[in-house]
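Chemist: I have a structure here, written as structure tokens, and I will follow up with some questions on it.
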Amino acid sequence: MDLSFELPQGRVRPVLTAPAKLLSEPCPEVSPTDPATIGLAADLVATMLVSPGCVGLAANQIGERARVFCLDVTEHPKTKTQHGRFVLINPSIVTATRKTQSREGCMSVPDFTGDVRRASRLVVTGYLPGEHEPITITTDAFEARAIQHEVDHLDGLLFLDRTSGAHALHPRKTYL
Amino acid sequence: MTLLRGHFAMTLIADIANIAALKSRLSHLDDEPLSVLVVPVPEAERTALGPPQIFTLHGSDRPGIVQQATALLAEFGGNITDISTRLRGSLYVLGAEVEFPADTDTSLVAQRVDQLADELDVVASLRPAEEDVL
């Protein structure tokens with residue numbers, strides 16, 4: 001499935017970190033064809049691309065209350081199925097099955113990582129920027145995990161709300 | 001075993017025949033900057049327990065979060081079997097595993113957790129622990 005799209009030049013935006021209030025508030029749906037939404041999509045991609053190790057970013061992480069995220073897991077070693085770099089608007093998870101546990105981090109929680117159980121098979125619907133018709137994405141493994149992480153952001157949830165036990169949170173290590 | 005605002009804290013439950021002897025052996029610590037308390041644990045009544053729950057809380061740090069959170073869980077007979085806390089910058093994170101009596105309406109507890117989160121201006125949730133039985 002080709003999810004490529006033309007976006008205007010985006011602006012790199014600062015990324016909010018917990019405990020910023022906006023990160024715990026659900027984001028409302030927006031029009032996929034609204035120029036403001038397309039501008040937001042461009043800003044998300046621009047911000048993701050300049051952030052080392054970042055494979056996805058949700059709108060509320062850059063201070064916008066809008067149900068939009070961008071993703072690109074192309075280079076990640078845990079990726080199996082992947083759909084390149086894309087922005088999804090008003091995403092909705094249809095099915096999520098076969099949970100596995102893995103450790104994940106987040107630009108908005110820069111000092112911690114956490115063990116989180118998520119589905120490894122996923123079907124999600126949503127809109128591409130500028131499109132009137134919804135698309136359905138079927139994916140697995142790391143892309144499935146990353147999409148669930150981003151949809152959680154849009155629902156006002158951080159991975160901190162999904163950790164699998166009392167000792168599932170870890171200080172984030174920086175490797176030189 | 002944890003650090004509470006920089007102070008080392010540890011609780012151990014041990015099966016010891018002679019508590020007086022243990023207290024005597026530990027008495028030399030009275031001269032150290034340590035507080036050591038040895039108390040007998042009463043025989044607990046056996047209560048049927050429901051499935052374990054995960055309690056998580058995160059938000060801006062401030063005194064009283066642990067007290068109010070654990071008081072709420074205790075109000076419903078919750079037994080905290082494991083807990084850890086982390087503080088980095090202004091972000092405070094607490095994770096705990098809690099067991100409630102089998103007849104506890106955990107959805108009601110979860111509602112009260114939501115209310116407490118609003119009062120404390122933090123994010124908190126209670127949900128069943130996911131277990132894989134192999």
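Chemist: Among the residues of the range A:158-173, what is the count of those that are crowded, with 23+ Cβ neighbours inside 10 Å, at the interface with chain B (Cβ under 8 Å from one of its Cβ atoms) and without any contact (Cβ under 8 Å) to a residue 60 or more places away in the chain?
Modeler: Residues meeting the conditions: 2.
Chemist: In addition: Between A:Thr47, A:Thr37, A:Thr33, which is assigned to a loop (DSSP other than H, G, I, E, B) and not aliphatic (A, V, I, L, M)? Quick ask: steps written out before the conclusion?
Modeler: Numbers: A:Thr47 fails: assigned to a loop (DSSP other than H, G, I, E, B); A:Thr37 fails: assigned to a loop (DSSP other than H, G, I, E, B).
So the residue among A:Thr47, A:Thr37, A:Thr33 that is assigned to a loop (DSSP other than H, G, I, E, B) and not aliphatic (A, V, I, L, M) is A:Thr33.
Chemist: Can I ask one more? What number goes with the only condition from (1) within 14 Å of chain A (Cβ to nearest Cβ); (2) modelled with pLDDT of 95 or more that B:Leu72 does not pass?
Modeler: Against the list (1) within 14 Å of chain A (Cβ to nearest Cβ); (2) modelled with pLDDT of 95 or more, B:Leu72 comes up short only on (1).
Every residue, every condition in (1) away from chain A (no Cβ under 13 Å); (2) surrounded by 15 or more Cβ atoms within 10 Å (Cβ to Cβ); (3) among the polar types (S, T, N, Q); (4) touching a residue at least 24 places away in the same chain (Cβ under 8 Å), yes or no:
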| site | (1), (2), (3), (4) |
| --- | --- |
| B:Ile54 | no, yes, no, yes |
| B:Phe76 | yes, yes, no, yes |
| B:Gln111 | yes, no, yes, no |
| B:Leu116 | yes, yes, no, yes |
| B:Asp121 | no, no, no, yes |
| B:Asp132 | no, no, no, no |
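Chemist: Right, another one. Would it be correct to say that A:Ser4 is small (Gly, Ala, Ser) and modelled with pLDDT under 95?
Modeler: Working: small (Gly, Ala, Ser): yes; modelled with pLDDT under 95: yes.
Criteria met by A:Ser4.
Chemist: May I pose another question? Among the residues that make up the range A:114-129, is at least one of them more than 10 Å from chain B (Cβ to nearest Cβ), under 30 Å from B:Thr81 (Cβ atoms), free of Cβ contacts under 8 Å to residues at least 60 places away in the same chain and among the β-branched types (Val, Ile, Thr)?
Modeler: Looking for residues that are more than 10 Å from chain B (Cβ to nearest Cβ), under 30 Å from B:Thr81 (Cβ atoms), free of Cβ contacts under 8 Å to residues at least 60 places away in the same chain and among the β-branched types (Val, Ile, Thr), one finds at least one in the range A:114-129, hence yes.
Chemist: When you go through B:Leu37, B:Leu29, B:Leu91 one by one, which is the residue that is closer than 25 Å to A:Phe159 by Cα and either among the hydrophobic types (A, V, I, L, M, F, W, C) or surrounded by 12 or more Cβ atoms within 10 Å (Cβ to Cβ) (or both)? Before the answer, list the steps.
Modeler: Working: B:Leu37 fails: closer than 25 Å to A:Phe159 by Cα; B:Leu29 fails: closer than 25 Å to A:Phe159 by Cα.
Within the list B:Leu37, B:Leu29, B:Leu91, the selection yields B:Leu91.
The values are calculated or read from the model by the stated rules, or taken from the named source; none is laboratory data. Please read these numbers as outputs of a predicted model, since none were measured by experiment. Cβ: placed from backbone, ideal geometry, glycine included. Neighbour counts: every protein chain shown.
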